[in-house]
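Only one structure is covered here, and it is reproduced in the block below.
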Amino acid sequence: MNAKKKKVLFILGGGAAALALAVVIFALTFNINSYKPRIEAAASGATGLDVRINGKMRLSFFPFGVSAQDIHVASNGGEILSLENLKVGVALMPLLKKQLKVTSCELVKPVVSIVKDAEGKYNFESTEKKSTEERPGAAFSLNEFKLSKGVFVYLDKKTGEKTEFKDFNLAVKDLSIAGDVIKNASFTGNFDCKEVRKGDLNIDNVKSPIKAEKGVIYLMPLTMDIFGAKAEGDITADKSEVNAVYKINLKILKLDFEKLQESFGTKKVIGGKGDLHASLTMKEKGSRKLMGSMDGTFSLRGDNLVIYTMDLDTVLSKYETSQKFNLVDLGAFFIAGPLGTAALKGYRYGDVYHQTQGGQGTIARFISQWNIRAGVADATDCALATRHNRVALKGKLNLVSERYDNVIVALLDDKGCAKFKQSISGSFGSPEVGAVSAVKSLAEPIFDLYRKAKRFVQGGKCDVFYNGAVQQPR
């Protein structure tokens, strides 16, 4: 290497070293905290919320960026967001040209609290009316976005329902947004959440890859722990059109019936294992409730289950003379299975069984299968078989208007004909068994079902009530 080349390399190396030294000196002497009031004011003006940085701000080198501690965002309705730490990565070379290019963003221990008041207004909504006409959003991209150890709480003050996501993490790469945030967002990454709580429903260890492309967000394959079992499936949220479409597929094998009953706040009545399958689609349209657009199937099946509170065969064998048991109470098994508290809000599930003489019984086969169209669930195959008896249910549940639609429960003979049957009608909140409310009938069963049943069985001929998969016990 000749002397001239050595001299050029020496000059270039020295220049690079001088530049690095200048950057270090700048970072050591530059007081970014003096700009904190300006940053808070700019963030508050852009969001319409009160943004405060209570902790220190720092510059970092590897990678180059800015961090801020103890951040709080609030509105008139209280605090909406708090952050233990915010880390923002910035490309150095554009910055030297007075251009800002953010390359990464990390939120450490964010706590998000969303509250919907009785009038339907959210706590993050500003009281000032701002124009929301079509505005093209600025293009934005990040190499990496991370959210770690987060907490999300949603409270609906009108209903009192509270949903919590605890210890959730999100890590995505190649985040790109252009124009509409939802329709033009794209990224790939992973999501996990340690706990999800809503009322008595507990879901743990939710995990899934996550992908967004052309307004469609995919969570697949999705896994979680629920009802004492492992669940797997997928969720798709399609917001590419005016009306968003949500698709949910879920399979839970060997779920615990006791855990299932705990999820809708009742004491244990049935024990054992079963399989739950759900395939549902919901579509947003204006102010219409999502329930009104629900289509799909929902089913729960189990074999060799235990009834802890009674010997059902003993009760049914004396049914012709006792009249101390309402068939619609058995119907609650089928409704409570896949459809939960929605159709049982006015029904004291399980309370009737103190009227029996105790003991335990066995359900050899149990099926509760429903077809859902426009928010109306139709019982396509709902039946159970004990060692000696078979009971079935048919009818519909209107999940939109919250009413029982011609729901009938029947004790069957070997031909699938109804030996006895009883109906439940009216609203979910105040159901009726015949002319008497279900709540009263649980405490004072007064129906002479044997006498009424004679109208349906004449001369050994009858209309088949049930011909599904549950066979008559031998």
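Readers should treat all values here as calculations from the given coordinates under stated rules, not as data from a laboratory. Note that this is a predicted model, so its numbers are computed, not measured. Reconstructed Cβ throughout: ideal geometry from the backbone, glycine too, with neighbour counts over all protein chains shown.
Couplings 3J(HN,Hα) for segment 462-474, derived from phi with the Karplus relation 6.51 cos²θ - 1.76 cosθ + 1.60 (θ = phi - 60°), are 6, 7, 5, 8, 9, 9, x, 7, 7, 8, 5, x, 7 Hz, where x marks Gly and Pro. For segment 216-321, the mean projected area of the C-alpha convex hull, equal to one quarter of the hull surface, is 9.5 nm². Which pairs break 18 Å Cα to Cα here: Lys285/Lys396; Lys116/Lys157; Lys87/Lys166; Lys211/Lys289? In this structure, Lys285/Lys396; Lys87/Lys166; Lys211/Lys289 exceed 18 Å between Cα atoms. The residues Lys394, Lys259, Lys247, when put in order of fewest to most other Cβ atoms within 10 Å, stand as Lys259, Lys247, Lys394.
Fewest Cβ neighbours within 10 Å first, please rank Phe264, Phe227 accordingly. If you can, show how the numbers build up before the last one.
Values: Phe264 17, Phe227 23.
Going from sparsest to densest Cβ surroundings: Phe264, Phe227.
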